[in-house]
Every structure is written in C-alpha cells, then in structure tokens.
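Right, one structure below, let's go through it.
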Amino acid sequence: MTVAGMSNEQAWDIAAAGWNNHAGLIHQWLVAATQMMLNEAQINLGSRVLDIAAGAGDQTIDIARLVGPKGEVLAVDISPAILALAKMNLQIAGLDQVKVQVADAESLNLAGENFDAAVCRLGLMFCRSPAKALNEIQTALKPAGRLSVLVFGEPAQNPCLAIALRTAHYHLQSSNKTAIYNQPTCEPGSLMSLGKTGLINELIQAAGFVDIKVNRISAPFFAPSVEHYIAFLQSAASPVKEILKTLSDVAQRNAWLDMTEQLRIFSSTSGWNGPNELLLASATSGKCVSSV
C-alpha cells in the first residue's frame, strides 16, 4: 500500500517500533492462527523455510524452533527498520539458524533456492500485485514445497478494521475535498484486498500451485479497553496512520476520537473484543520433480 506518496518500505519503517512494542499483544491475537499456518506449511526439523513479510520476527521465532538448529530460515521484509528489530529479537532468543534479508515480496529474486516451505503472515494483501509475489514464491520453492499464508477476510467479517479505515478516509476527505478514494477497505494493496470470496484461491492456482485449501479463521483481538486498541492502531497500524498523516494535529485527534467512540460497541465488562476473520490459504508447489 502506498498512501500520500509514501512507499511500503517507508511506512513500515515508521511503524516498526510500535509493532515491536506491541509484540505481546500481537502474539496473543495471532497465536492460534499462526500455529495453524505453520501446521499447513508442514515444517519439520531440518526444514528450509522462507518467511515473507516477517515483521519483527514473532512467527519467525516459532519457525526457527520448529526447524531446529540444523534447519534454516530466511526472514525477508520490505522494511529495514523492522528487520533490524527481528534480528535483535532472534538474537535474544538464541536462534542463529535465521538469516534476515531486505526484500520486496514482488521481487524476491530467490529462484532456485529450493525452500521446503514458504509462509507469509498478514503480508500478501499489501502487495500491489499479489500474483507477482506468488510467482516469486513459486520459483523459490522446491518441487512439492509448501505454501501457507494468512490474509484478512472481507470487510463485513472484519468490522473493527472496516470502521477504522472508513472513519480515517471520511476525516481525510472532509479535510481535503479534492481527495478521491474508491472502496478504501478493499483497494489493491490494502488490508482486506484479498478477502473477496474465491480471490486468493484463484491467484494461488494461477501461480501454478496445486492442492489448494482456503479456510476461514476467527481471530478476535482482545484488549483491556478500546483505548488500548486505539493505542495499538496509532503506533503500529501503518495503513490507518498513513491515511491520517497529512491532517492537522487537531483533525487527527478528532479522527481518532471518532474511531474510539465507534469501536466502543465491542466493549464489555471483561474488556474489548474486536471481531476479525482471517483466511488461511495453503497449497503445494506444482513444479515437477526432475527424473534426472
């Protein structure tokens, strides 16, 4: 996603520290979905795994522990800043079987590396051309290598995200009458751009993968209060922040307050519970095994 002329790399560099600071909250939110993603990747001791859009390394740590000291993990991300944090977190965990590399998913340049598996947790939907990214992944896998990705489902099943994005766009348009946005929750490269029923299946199939499965996963976001969730969005949710960044301080504050009040509908006496639905897509590389 690019917003207000800013590239993905720049946007995620800015959000890197916030994402890392909320690592515990993110891990809690995605722990079950991540485990399902890794199970579908069929990662074993000694596997060579490509982790695309690795972020600050939360799932990378899980992968490294699965492959063990004799396995290999290559963690790639478009953001140098967030990869630096991933490297630090991996060093703290004592996992030296992981290498990190700055790379755009749409131009991995890893053809012939013959990875046993490739995973991508909540990254593929940000690609302006997910088809190109999937083709790049296909070339990096060995014959019968596994693909496993998580993306957000459609806006109707992700109301807290839809509300946040819709509200941010509303305030931007109110402040800038010349701004034009089409379907802000589903435009290419956005949070829920791959949520349309059947779309991710079609893209994976077109890239030459077989044995494709797509499952819907409920992944509610629990926080002590709506204010805690807003704090997460303000520091770590690059797409929402980038929509509002050109507004004045007052206009930004009003937008966040509006979001807070709208999202309060998910509050209860036990805290804040924001509904989210993810799509878990898995497949096998369709490359033929050489008989030579």
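Of note:
- Shown here is the pair-distance distribution of segment 53-178: with all Cα-Cα distances grouped in 5 Å bins from zero up to the longest one, the shares run 2, 10, 17, 18, 17, 13, 9, 7, 4, 2, 1, 0 percent.
- Linear extension gain, Asn201 paired with Glu187, 0.36 nm per residue minus alpha-carbon span: 3.2 nm
- A simple spin-label model places pseudo-atoms 7 Å from Cα toward Cβ; at Lys70 and Ser270 they are separated by 4.5 nm.
- Label-point separation, Asp249 to Gln101 (7 Å along Cα→Cβ), nm: 4.4 nm
- Expressed per residue, the C-alpha convex hull volume of segment 74-115 stands at 60 Å³.
- Heavy-atom SASA rank of Thr60, Thr246, Thr269, Thr139 (probe 1.4 Å, accessible area, largest first): Thr269, Thr246, Thr139, Thr60
- One chain, two ends: Asp211 and Glu227. Fully extended at 0.36 nm per residue, the span grows by 1.5 nm beyond their Cα-Cα distance.
- Zero-based 5 Å bins, Cα pair distances in the chain, whole percents: 1, 6, 12, 16, 19, 17, 13, 8, 5, 2, 1, 0, 0, 0
- P(r) tail, segment 100-257: Cα-Cα pairs separated by more than 19 Å, 60% of all pairs.
- Beta bridges from DSSP with both residues in the chain: antiparallel share about 50 percent, rounded to the nearest 5.
- Mean Cβ neighbour count within 10 Å, used as a protection proxy, ranking 144-151, 29-36 highest first: 144-151, 29-36
- On full extension, the segment bounded by Lys132 and Gln262 gains 43.1 nm, given 0.36 nm per residue less the C-alpha separation.
- Two-site FRET efficiency, Ala93 against Ala32, from Cβ-Cβ distance with R₀ of 25 Å, rounded to 0.05: 0.75
- Volume of the convex hull of segment 220-292 (Cα atoms only), normalised per residue: 153 Å³.
The values are calculated or read from the model by the stated rules, or taken from the named source; none is laboratory data. This one's a predicted model, so the numbers in the text were calculated from it and none came from an experiment. Positions of Cβ are backbone-derived with ideal geometry, glycine not excepted, and every protein chain shown enters the neighbour counts. Surface accessibility is based on the protein's heavy atoms, side chains included, excluding ligands, DNA and RNA. Shrake-Rupley method; radii C 1.70, N 1.55, O 1.52, S 1.80 Å.
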